1. Distance check, please: which entries in LYS2/LYS87; LYS36/LYS87; LYS2/LYS89; LYS36/LYS89; LYS2/LYS36; LYS2/LYS50 exceed 32 angstrom between their Cα atoms?
2. When the Karplus curve 6.51 cos²θ - 1.76 cosθ + 1.60 is applied with θ = phi - 60°, which whole-Hz ³J(HN,Hα) does each residue of region 43-52 get, with x for Gly and Pro?
3. Based on Cβ point charges of +1 for Lys and Arg and -1 for Asp and Glu, what charge dipole magnitude is obtained for region 2-130 about its Cα centre, in debye rounded to the nearest 20?
4. Over all alpha-carbon pairs in region 2-130, figure out the percentage whose distance exceeds 24 Å.
5. With contacts defined as alpha carbon pairs under 8 Å and 6 or more residues apart, what's the relative contact order of region 44-125 in percent?
6. Looking at region 51-107, what % of the alpha carbon pairs are farther apart than 14 Å?
7. Enter the Cα centre distance for the pair region 80-140 and region 1-76, rounded to the nearest angstrom.
8. Taking region 1-43, which chymotrypsin sites (Phe, Trp or Tyr not before Pro) meet the DSSP loop condition and have no more than 15 other C-beta atoms within 10 Å?
Amino acid sequence: MKFLKGTRLYSSLTGTCPVCQKTYMYEEHNAYKLSKTLLLKERCDHCFLKFNMEPSFFFGAMYVSYSLGVALAVATFIIVFFFLGIKDKLYILLSITGVLIVLMPIIQRLSRNIWLNIFIGYDRRKANNTREENLMENPPMMTKK
């Protein structure tokens, strides 16, 4: 996926920082560790972008998640009905439900990535700067936990 580097699509699909695309945004790489699926790091290690912008910022990701879920449900229906030839409505419903349940952690992360990339884009200068140059330019605010 190197050919996509520097695009919003790359950051959305890989879960890297939208500004520099060097730091993975989530605490845990495995989306199926359900207790840690949505835990974001506080800041990017390279450009110091704060991932949690404001309270309730990711509520808008629900709309993206809904769209991804509908797209997957339609794709599952087409595969089951037309390619596998299953015509029973119950089996079709169970297939769609199963796919959505199994892929829910991936859908949740992908929708957050897309939502964040709608508002923040790639910055070649910050990506090419060293960590120290980014720190001098934009020092992170001290936050209380």
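1. Pairs exceeding 32 Å: LYS2/LYS87; LYS36/LYS87; LYS2/LYS89; LYS36/LYS89.
2. 9, 6, 6, 9, 9, 6, 5, 7, 6, 8
3. I would put it at about 380 debye.
4. Roughly 37 percent, rounded to a whole number.
5. Relative contact order here is 40 percent.
6. Values: 964 of 1596 pairs.
In whole percent, the long-distance tail amounts to 60.
7. Computed from Cα coordinates, the inter-centre distance equals 6 Å.
8. Numbers: sites: PHE3, TYR10, TYR24, TYR26, TYR32; in loops: TYR32.
Qualifying residues, ordered by number: TYR32.
Values quoted throughout were computed directly from the atomic coordinates according to the rules given, and no laboratory measurement underlies them. Being a predicted model, the structure only gives us computed values, none of them experimental. All Cβ positions, glycine included, derive from the backbone under ideal geometry; neighbour counts span all protein chains shown.
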